[in-house]
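Quick notes on the structure that follows.
Laboratory data are not the source of any read-out in this text; all were calculated from the coordinates shown. On a predicted model such as this, the values are computed, not experimentally measured, just so you know. Glycine gets a Cβ as well: all are built from the backbone with ideal geometry, and neighbour counts include every protein chain shown.
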Amino acid sequence: MRKILPLTVVGACGVALFATQLQAAGLKDSKSTFFFKDASGNEKSAEIVTKYQPNKIAYPVAKVDRHLDPKLMQAATIAEERAHARSRSQCWHYVKEALVAAGVVSSRPKSELAKEAGQELISSYGFKKLAVCDPFKAPVGAVLVYGANRAAGHVEIRTKDGFVSDFRSKIPSPRPLLGVYAKS
């Protein structure tokens, strides 16, 4: 018992000395902020993220291109009104219906696969492929066509704050983008 008491006193003093040295080094104890010193010796701080914060992620809002057919914006609105919360695996069907309802195309496109939509829109309906590689930079109303190796692909219309086909989404499809199409 006599040997344990001095060891505990020495241990407690060591912990107190270590804590004092940390405070002397300028490091602060905080549960919401992390403090550190950068390479030049200046004290910096950063917020500690303890849980997912969806409101902090901001996606760019789409721009309206006045050179494009205004019916494309109407098609985006129609598609958004008819869209569901989850996919029904009928993206090209819903986009076709929105384009016809808005008067962008005179008749319903005939292609079955979504990945073939771009070629048909160019050859039969007067669409042009835009020089856009980032879906977020597509103008409101543009038709985005995605490819897939063994699947039908995906088609969606750019809206002001996201993308729409048979469902609404804040982010674009993860598939490879084949092209962004619009009509002047």
### Message
For a quick check: sort 130, 72, 178 by the number of other beta carbons within 10 angstrom, fewest at the front.
### Response
130, 178, 72
### Query
Out of residues 5 or more away from residue 130 or on other chains, whose amide H comes under 5 Å of its own, with H placed 1.01 Å from N in the peptide plane?
180, 181, 182
### Dipole axis of the stretch 56-103 (+1 Lys, Arg; -1 Asp, Glu on Cβ), positive-most option in 61, 78, 98
61
#### Entry: Calculated from backbone phi, Karplus (6.51, -1.76, 1.60) coupling profile of the stretch 125-132 in Hz, x at Gly/Pro
10, x, 6, 10, 7, 8, 7, 10
### Task
Go through the stretch 37-116 and name the GluC sites (Glu not before Pro) that are in a DSSP coil and have 10 or fewer other Cβ atoms within 10 Å of their Cβ.
112
### Summary
Rounded to the nearest 0.05, FRET efficiency between residue 89 and residue 50 (Cβ-Cβ, R0 35 Å) equals 0.40
### Message
Report, in listed order, any pair from 37/137; 71/137; 44/137; 37/170 with a Cα-Cα distance greater than 30 Å.
### Response
37/137; 44/137; 37/170
### Under 11 Å, Cβ to Cβ, from residue 160 - net charge with Lys/Arg +1 and Asp/Glu -1
0
## Note on the structure
Extension length gain for residue 119 and residue 169 (0.36 nm per residue less Cα distance), in nm, is 15.6 nm
### Summary
Net charge near residue 60 (other residues with Cβ under 12 Å of its Cβ; Lys, Arg +1; Asp, Glu -1) is +3
### Query
Mind listing the Cα extents of the stretch 44-177 along all three principal axes, in Å, largest one first?
60, 37, 28
### Sorted by Cβ density within 10 Å, fewest first, the residues 93, 84, 154
84, 93, 154
